[in-house]
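K.L.:
I have a structure here, written as structure tokens, and I will follow up with some questions on it.
What follows draws every value from the coordinates through simple rules; no lab data is involved. Since the structure is predicted, the reported quantities are computational estimates derived from the model, not experimental observations. Please note: Cβ atoms are built from the backbone with ideal geometry, for glycine as well, and neighbour counts cover all protein chains shown.
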Amino acid sequence: MHKVEAGTTSEIEVWRLQTQITRSVVGINLKGLTHDDSLVQPQPDGNCLNWVLGHLLSVYEEVLLLLGQEPVLGKPALKHYVRGSEPIRDGAEAIDFEKLMTAWTEASKRIDDGLANLAPEALDRPASSPTGNPDETVRSLLSTVMFHQAYHAGQTGVLRRIAGKEGAIR
């Protein structure tokens with residue numbers, strides 16, 4: 001039997017907690033917003049809330065596969081939300097905000113389930129890197145994803161204010 005260090009298990013638990021906090025922050029910031037609110041563009045440039053939420057979801061969709069979980073919407077549906085894509089300026093290109101919110105919540109739950117079932121010894125296995133890093137591991141990728149998701153979760157609060165709503169987290 002392979003002995004696992006206690007620190008490795010707690011690392012996974014920290015990621016689970018980060019996933020739950022990110023889901024909560026995004027949920028609080030999105031509460032009461034409409035599809036039209038999600039399309040308000042920050043000026044002079046940037047991505048609207050619809051794009052940011054879709055982008056958060058597109059990143060989780062990739063991680064779900066790594067964690068042995070099924071994607072919620074799938075890659076083709078989220079093509080306008082991947083890194084480097086153009087800002088969504090036409091509402092016809094945007095996925096309905098309610099649908100995105102529902103998919104985000106489900107993907108977050110699946111991420112948590114996948115992390116709960118992740119074997120600590122899998123953390124040092126090679127992982128596909130969005131940046132092309134040949135040394136990427138499951139551990140390094142998950143660490144980066146957790147930061148990435150928290151970064152964009154913070155943007156949802158700012159974009160809520162840009163859409164003309166009061167801040168939701170005080």
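K.L.:
Among the candidates Ile88, Ile111, which residue alone is among the hydrophobic types (A, V, I, L, M, F, W, C), closer than 24 Å to Gly167 by Cα and out of contact with any strand residue (DSSP E or B) (no Cβ under 9 Å at 6 or more places or on another chain)?
P.N.:
When all the criteria are applied, what remains is Ile88.
K.L.:
Kindly indicate whether Leu159 is part of a helix (DSSP H, G or I), in contact (Cβ under 8 Å) with a residue 24 or more places away in the chain and more than 26 Å from Gly27 (Cβ to Cβ).
P.N.:
Criteria not met by Leu159.
K.L.:
Which residues, taken from the range 42-91, are part of a helix (DSSP H, G or I), farther than 27 Å from Asn117 by Cα and either in contact with a helix residue (DSSP H, G or I) (Cβ under 7 Å, 6 or more places away or on another chain) or β-branched (Val, Ile, Thr) (or both)?
P.N.:
Of everything in the range 42-91, those that are part of a helix (DSSP H, G or I), farther than 27 Å from Asn117 by Cα and either in contact with a helix residue (DSSP H, G or I) (Cβ under 7 Å, 6 or more places away or on another chain) or β-branched (Val, Ile, Thr) (or both) turn out to be Leu49, Asn50, Trp51, Val52, His80, Tyr81.
K.L.:
Something else about it: Among the residues of the range 53-70, which ones are more than 19 Å from Ile21 (Cβ to Cβ) and buried (at least 20 other Cβ atoms within 10 Å of the Cβ)?
P.N.:
Result: Gly54, Ser58, Glu61, Gln69.
K.L.:
Consider the range 110-138. How many of its residues are touching a residue at least 24 places away in the same chain (Cβ under 8 Å), of a type outside the set (Val, Ile, Thr), closer than 25 Å to Leu73 by Cα and surrounded by 13 or more Cβ atoms within 10 Å (Cβ to Cβ)?
P.N.:
8
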